[in-house]
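The structure follows.
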């Protein structure tokens with residue numbers, strides 16, 4: 001196996017591990033940190049592919065990823081929800097963490113079973129690696145949306161799903177128009193702005209960002225814990 | 001044939017002689033990092049010397065298990081030494097007697113008898129430590145299995161001498177995800193099996209918090225010395241497997257000349273020294289985990305090893 005491809009495979013594997021780590025981390029700040037690492041790896045993976053295929057699009061994509069997901073999104077989250085990010089330590093989960101990890105492992109294996117025949121028909125090593133792992137990241141992100149009970153990790157779950165789709169995307173369609181990718185990047189940043197501001201307002205009026213606590217309607221804010 | 005048997009003996013001698021030095025260097029480094037002076041790196045030799053010259057006290061309540069355990073704990077790492085590359089790049093006389101699984105079995109046998117002996121004494125701390133060691137052991141077991149499966153899948157063999165050649169074929173194989181992720185998982189296993197810090201504190205003297213140490217509390221004199229020496233050899237053997245089979249199979253003797261074997265010794269020692277620095281930096285930057293968090297630590301190792309397997313199956317290499 002050539003070095004470039006094996007480095008790409010390695011970064012894909014590390015991206016998958018970052019997804020697992022986001023499911024397995026208790027602290028909000030830890031989840032954010034793993035998301036940043038995952039985005040960096042994603043950028044590295046797209047730089048590698050761009051180098052291999054001499055594609056300027058992929059280089060631009062990597063730079064957009066770094067700007068949007070490594071710099072802008074954590075900055076916005078820190079601006080809008082600073083206390084929420086740094087004060088909260090333990091996250092309530094519906095499924096405990098070892099069981100969550102096993103479920104996400106099953107999702108990863110399932111993703112391979114699902115797209116394995118498709119990607120091996122493509123015959124390209126990069127597709128064979130990126131497509132199943134991208135799908136696995138999407139599924140694990142969706143799972144963490146369902147299992148988490150906190151607003152901020154749920155938001156990061158959405159972003160992790162986007163990362164997975166991105167990983168699969170750069171392998172299948174290397175020559176995607178840049179404008180589409182730019183639109184997606186701006187979209188993601190806008191999602192973060194809106195969810196961040198909303199969460200801050202919810203926190204201000206109700207006093208918690210725990211999604212599980214938002215199950216009934218009451219008129220008096222004092223009755224919320 | 002006789003020559004390779006001689007080299008095997010040299011390997012065993014290497015492990016016997018340098019195992020106490022390795023643990024001495026580790027504890028000295030750790031103390032230096034914590035800005036203390038620490039004991040001399042030769043202190044473990046003096047401890048062994050002292051213990052061998054003391055009388056042995058054996059409780060009349062114990063059975064034969066307690067008497068043979070020190071010998072088993074001492075002898076099992078030596079059996080593993082015969083199976084793995086410690087100094088040489090090529091298979092020696094007994095290399096094909098067993099694969100990595102057999103090595104795991106031998107180390108497990110020593111651990112099993114150590115746990116039995118701890119229960120045998122009736123000392124309240126012994127069984128507690130034994131049950132905790134078993135807990136760590138059975139959590140580490142699946143990781144060991146997946147690591148072996150992945151290694152055998154990638155290298156088409158589980159004989160350590162054949163596996164080590166696989167990673168240095170070319171740079172692509174060295175940076176392949178199977179290799180890098182296996183390294184991470186195996187390092188976590190070494191920390192768990194060797195009773196190092198995120199799992200257990202080897203320098204702790206508080207019986208209630210002990211995992212590994214409390215099994216040896218009842219041994220005295222020669223028994224204690226053999227247990228201690230055996231534990232140090234086990235840790236050195238694990239480090240040799242990690243360094244010579246998985247991480248960096250460089251610096252090993254390649255020829256059949258005896259001078260080449262002897263000149264491999266300092267190279268291996270330098271590698272082990274670097275590994276000790278890595279271990280010390282891990283140990284001083286992490287806190288000991290709570291007992292019920294150990295399952296999460298080894299769960300992470302399991303996830304990493306399974307990811308290694310999944311990715312290497314994707315690639316099909």
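Name the residues in the stretch B:1-50 that are in a loop (DSSP other than H, G, I, E, B) and under 21 Å from residue B:280 (Cα atoms), would you? Walk me through it before giving the result.
First, pick out the residues of the stretch B:1-50 that are in a loop (DSSP other than H, G, I, E, B): B:1, B:34-42.
Answer for the stretch B:1-50, where residues must be in a loop (DSSP other than H, G, I, E, B) and under 21 Å from residue B:280 (Cα atoms): B:34, B:35, B:36, B:37, B:38, B:39, B:40, B:41, B:42.
If you take the residues of the stretch A:1-33 that are facing another protein chain (nearest Cβ under 7 Å) and not in a helix (DSSP H, G or I), which of them is surrounded by the most Cβ atoms within 10 Å (Cβ to Cβ)?
By that ranking, first place goes to A:1.
For the stretch B:103-200, which fully contained helices (runs of 4 or more DSSP H) count at least 3 residues that are away from chain A (no Cβ under 14 Å) and surrounded by fewer than 18 Cβ atoms within 10 Å (Cβ to Cβ)? First the steps, then the outcome.
Working: elements: B:125-155, B:160-167, B:171-174, B:177-193.
Here the list reads B:125-155.
State yes or no: is residue B:81 surrounded by 15 or more Cβ atoms within 10 Å (Cβ to Cβ), out of contact with any helix residue (DSSP H, G or I) (no Cβ under 8 Å at 6 or more places or on another chain) and outside any loop (DSSP other than H, G, I, E, B)?
Details: surrounded by 15 or more Cβ atoms within 10 Å (Cβ to Cβ): yes; out of contact with any helix residue (DSSP H, G or I) (no Cβ under 8 Å at 6 or more places or on another chain): no; outside any loop (DSSP other than H, G, I, E, B): yes.
So residue B:81 does not fit the description; no.
Among (1) in contact with a helix residue (DSSP H, G or I) (Cβ under 6 Å, 6 or more places away or on another chain); (2) under 23 Å from residue A:41 (Cβ atoms); (3) within 14 Å of chain B (Cβ to nearest Cβ), which single condition is residue A:98 missing?
Exception for residue A:98: condition (2).
Taking the conditions exactly as written (assigned to a helix (DSSP H, G or I) and in contact (Cβ under 8 Å) with a residue 12 or more places away in the chain), does residue B:263 satisfy them or not? Steps first, please.
Working: assigned to a helix (DSSP H, G or I): yes; in contact (Cβ under 8 Å) with a residue 12 or more places away in the chain: no.
Considered against the rule, which asks whether it is assigned to a helix (DSSP H, G or I) and in contact (Cβ under 8 Å) with a residue 12 or more places away in the chain, residue B:263 comes out as no.
Out of the residues in the stretch A:139-151 that are under 12 Å from the mean Cα position of the chain (by Cα) and crowded, with 22+ Cβ neighbours inside 10 Å, which is farthest from residue A:32 (Cα to Cα)? Walk me through it before giving the result.
Here is the first cut: in the stretch A:139-151, the residues under 12 Å from the mean Cα position of the chain (by Cα) are A:139-145.
Cutting the leftovers down to crowded, with 22+ Cβ neighbours inside 10 Å gives us A:140-141, A:144.
Working: A:140: 16, A:141: 13, A:144: 13 Å.
Per the criteria, the residue is A:140.
With the structure loaded, tell me whether residue B:203 is modelled with pLDDT under 85 and more than 30 Å from residue B:88 (Cβ to Cβ) or whether it fails that test. If you could, list the steps in order and put the result at the bottom.
On the way: modelled with pLDDT under 85: yes; more than 30 Å from residue B:88 (Cβ to Cβ): yes.
Answer is yes for this residue.
Across the stretch B:305-317, what is the total count of residues that are at the interface with another protein chain (Cβ under 7 Å from one of its Cβ atoms) and either closer than 13 Å to residue A:101 by Cα or not in a helix (DSSP H, G or I) (or both)?
3
Checking residue B:302 against (1) without any contact (Cβ under 8 Å) to a residue 12 or more places away in the chain; (2) within 11 Å of chain A (Cβ to nearest Cβ), which test does it fail?
Against the list (1) without any contact (Cβ under 8 Å) to a residue 12 or more places away in the chain; (2) within 11 Å of chain A (Cβ to nearest Cβ), residue B:302 comes up short only on (1).
Among the residues of the stretch B:288-295, is there at least one that is within 14 Å of another protein chain (Cβ to nearest Cβ), assigned to a helix (DSSP H, G or I), in contact with a helix residue (DSSP H, G or I) (Cβ under 9 Å, 6 or more places away or on another chain) and at pLDDT below 90?
yes
When you scan the stretch B:230-260, how many residues do you find that are touching a strand residue (DSSP E or B) at 6+ places or on another chain (Cβ under 7 Å) and touching a residue at least 24 places away in the same chain (Cβ under 8 Å)? Step through it out loud before you land on a result.
Start the filter on the stretch B:230-260 by keeping residues that are touching a strand residue (DSSP E or B) at 6+ places or on another chain (Cβ under 7 Å), which leaves B:252-253, B:260.
From what is left, the residues that are touching a residue at least 24 places away in the same chain (Cβ under 8 Å) are B:252-253.
So the count comes out to 2.
Okay, next question. Residue by residue through the stretch B:51-78, note down the ones that are loosely packed, with under 12 Cβ neighbours inside 10 Å and in a helix (DSSP H, G or I).
Passing the criteria: only B:64.
With the condition kept exactly as written, say whether any residue in the stretch B:193-216 is touching a residue at least 24 places away in the same chain (Cβ under 8 Å) and under 30 Å from residue A:9 (Cα atoms).
Among the residues of the stretch B:193-216, at least one is touching a residue at least 24 places away in the same chain (Cβ under 8 Å) and under 30 Å from residue A:9 (Cα atoms), which makes the answer yes.
Residues that are under 21 Å from residue A:196 (Cα atoms) and modelled with pLDDT under 85: find the helices (runs of 4 or more DSSP H) completely inside the stretch A:34-153 holding 1 or more of those. Show your work before the answer.
Working: elements: A:56-65, A:73-80, A:82-87, A:97-122, A:125-147.
Ranges flagged: A:73-80, A:82-87.
Within the stretch B:85-102, can you find the residues that are farther than 15 Å from residue B:246 by Cβ and buried (at least 20 other Cβ atoms within 10 Å of the Cβ)?
B:87, B:88, B:92, B:95, B:98, listed by residue number.
The values are calculated or read from the model by the stated rules, or taken from the named source; none is laboratory data. Small disclaimer: the values here were computed from a predicted structure and weren't measured. Cβ sites come from the backbone with ideal geometry, for glycine too, and all protein chains shown count toward neighbours.
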